[in-house]
Amino acid sequence: MNISMTKTTHPGKLPPAGQLGFGSVFTDHMFLMDYTDQEGWHNARIVPFGPISISPAASVLHYGTEVFEGLKAYRRPDGAVQLFRPWENVARLNRSCDRLGLPRIDERDGLQAIRELVKTDADWVPSEPGTSLYIRPFLYSTDPTLALHGVHEATFAIILSPSGSYFSDGLKPVPIMVETEDVRAVRGGTGEAKCGGNYAAANRAGDKAMEKGYSQVLWLDGVQRKYVEEGGGMNVMFKIAGMVVTPMLTGSILPGITRKSCIELLKSWGIPVEERLLSVDELFEAAKNGTLEEAWCVGTAAVVSPIGELAWNDEKYEVNQNRIGALSQRLYDELTGIQWGTRPDPFGWTCVI
Ligand SMILES: *Cc1c(COP(=O)(O)O)cnc(C)c1O
């Protein structure tokens, strides 16, 4: 794929790490590529970061035909920049496209676009501990019509955002709340696609949890409201009686790459992992009788985020006395070590740009 390059005439500057936060500072450039039925994907370009013009009738604005990805570029101790399993993100993007009827991209082109954009703005990859460059690929329909007639025009874009350390003062357990009214997804719906619509459906419950002092919700399955599915934008894992249990991928759960990596790491350490249905009754029974040893969320943004408190209706339990568990900490240390290049990568998960 040939990518044309238009450099900005007003380069910006990477702010100090302490001012970064998440998702509000953007780099100098972005990647764009267009799709039409006649031409396929064409006009791949890196251009200055800035507003995108689309028709007010563009179908994404009315019908939510959008999918996205999230991954990071990390500054290694030797100064080089590396990605973590980016081919997994591109493959998942295409699976999400399939579900929403959006055109797939060529996986090699997707990887090339990520690499070239990160290379262009490599000065924006911060180097302080825990910081990274967040990469947000997204793909949406631009058909300028309100008619429901499938997708015939689309845009694939990538933007980059330097982000601060998620846990600036070390890992900190968070309280989460089981959502009993709203559901995020159902089997056969879009739960396993990474699409904006899932987040729109989750907003109300997320706001409610925040108001009550919880950092996020724990979703139950949408049909029986019985089985634990995932957190708000992160997968979940529990250590129950020495065994790690994580909800199996039933079709309504997002198949996280951090989840997959944690399962592979745990198995390589000889720790048993069960991917299965886990009912909220079983989880709270384990919390009550003391066999729930640890609980944590996993996702690209925070890597591993320990759960310190679980609430469900009027029941409330601390997990591991609201402290970080040894296994959560070990997973965090190993994964972040591989991602930032401070530990060896025996799995071949990383690639230097
Ligand atoms: C992105 C995402 C995750 C985590 O996936 P990773 O690939 O590990 O970042 C989990 N749940 C939802 C709903 C997500 O959108």
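The values are calculated or read from the model by the stated rules, or taken from the named source; none is laboratory data. Computed from a predicted model, the values in this text were never measured in an experiment. Because the Cβ atoms are built from the backbone with ideal geometry, glycine has one as well, and the counts that use them run over all protein chains shown.
Key figures for this structure:
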quantity	calculated
Residues of segment 106-124 that turn out to be part of a loop (DSSP other than H, G, I, E, B) and in contact with a strand residue (DSSP E or B) (Cβ under 6 Å, 6 or more places away or on another chain), as a count	1
Lone qualifier among GLU181, GLU192 - being away from the ligand (no atom under 15 Å from the Cβ), more than 26 Å from LYS7 (Cα to Cα), assigned by TED's automatic domain parsing to the domain that holds LYS260 and modelled with pLDDT of 95 or more	GLU181
Residues of segment 157-178 satisfying the condition of being modelled with pLDDT of 95 or more, touching an Asp or Glu at 6+ places or on another chain (Cβ under 8 Å) and over 24 Å from PHE284 (Cα atoms)	LEU160
Checklist (1) out of contact with any Gly (no Cβ under 6 Å at 6 or more places or on another chain); (2) modelled with pLDDT of 95 or more; (3) within 11 Å of the ligand (Cβ to nearest atom) applied to LEU278, failing item	(3)
Which numbered condition THR350 fails, given (1) away from the ligand (no atom under 16 Å from the Cβ); (2) surrounded by fewer than 19 Cβ atoms within 10 Å (Cβ to Cβ); (3) modelled with pLDDT of 95 or more	(1)
Residue ID - surrounded by the most Cβ atoms within 10 Å (Cβ to Cβ), chosen from residues in segment 41-64 that are touching a Pro at 6+ places or on another chain (Cβ under 9 Å) and farther than 26 Å from GLU116 by Cβ	SER59
Some residue of segment 208-218 being away from the ligand (no atom under 16 Å from the Cβ), under 26 Å from SER96 (Cα atoms) and not assigned by TED's automatic domain parsing to the domain that holds THR120	no
Residue list for segment 17-65, restricted to those being of a type in the set (D, E, K, R) and not in a strand (DSSP E or B)	ASP28, ASP37, GLU39
Filter result for THR258 (within 9 Å of the ligand (Cβ to nearest atom) and among the β-branched types (Val, Ile, Thr))	yes
Per-region count, segment 26-40, residues buried (at least 17 other Cβ atoms within 10 Å of the Cβ) and in contact with an Asp or Glu (Cβ under 7 Å, 6 or more places away or on another chain)	4
Test: residue in segment 314-326 that is among the basic types (Lys, Arg) and either within 16 Å of the ligand (Cβ to nearest atom) or under 16 Å from ALA241 (Cβ atoms) (or both)	no
VAL244 vs. criteria modelled with pLDDT of 95 or more and in contact with an Asp or Glu (Cβ under 6 Å, 6 or more places away or on another chain)	no
Complete set of residues in segment 75-94 that are buried (at least 16 other Cβ atoms within 10 Å of the Cβ) and in contact (Cβ under 8 Å) with a residue 60 or more places away in the chain	ARG75, ARG76, VAL81, GLN82, LEU83, PHE84, ARG85, PRO86, GLU88, ASN89, ARG92, LEU93
Filtered residue count, segment 235-255, keeping only those that are out of contact with any Leu (no Cβ under 9 Å at 6 or more places or on another chain) and near the ligand (Cβ under 9 Å from one of its atoms)	2
Selected residue [part of a helix (DSSP H, G or I) and either within 30 Å of ARG187 (Cβ to Cβ) or away from the ligand (no atom under 16 Å from the Cβ) (or both)] from GLY308, GLY270, GLY337	GLY337
Hits in segment 95-116 - residues which are within 21 Å of VAL47 (Cα to Cα) and either buried (at least 21 other Cβ atoms within 10 Å of the Cβ) or among the hydroxyl-bearing types (Ser, Thr, Tyr) (or both)	ILE105, GLY110, ALA113, ILE114
Residue, surrounded by the fewest Cβ atoms within 10 Å (Cβ to Cβ), within segment 296-336, restricted to residues that are in contact with an Asp or Glu (Cβ under 7 Å, 6 or more places away or on another chain) and within 15 Å of LEU265 (Cα to Cα)	LEU327
Tally, over segment 183-229, of residues that are acidic (Asp, Glu) and without any contact (Cβ under 8 Å) to a residue 40 or more places away in the chain	3
Enumeration of residues in segment 203-256 that are closer than 21 Å to ILE271 by Cα and not hydrophobic (A, V, I, L, M, F, W, C)	ASN235, LYS239, GLY242, THR246, PRO247, PRO255, GLY256
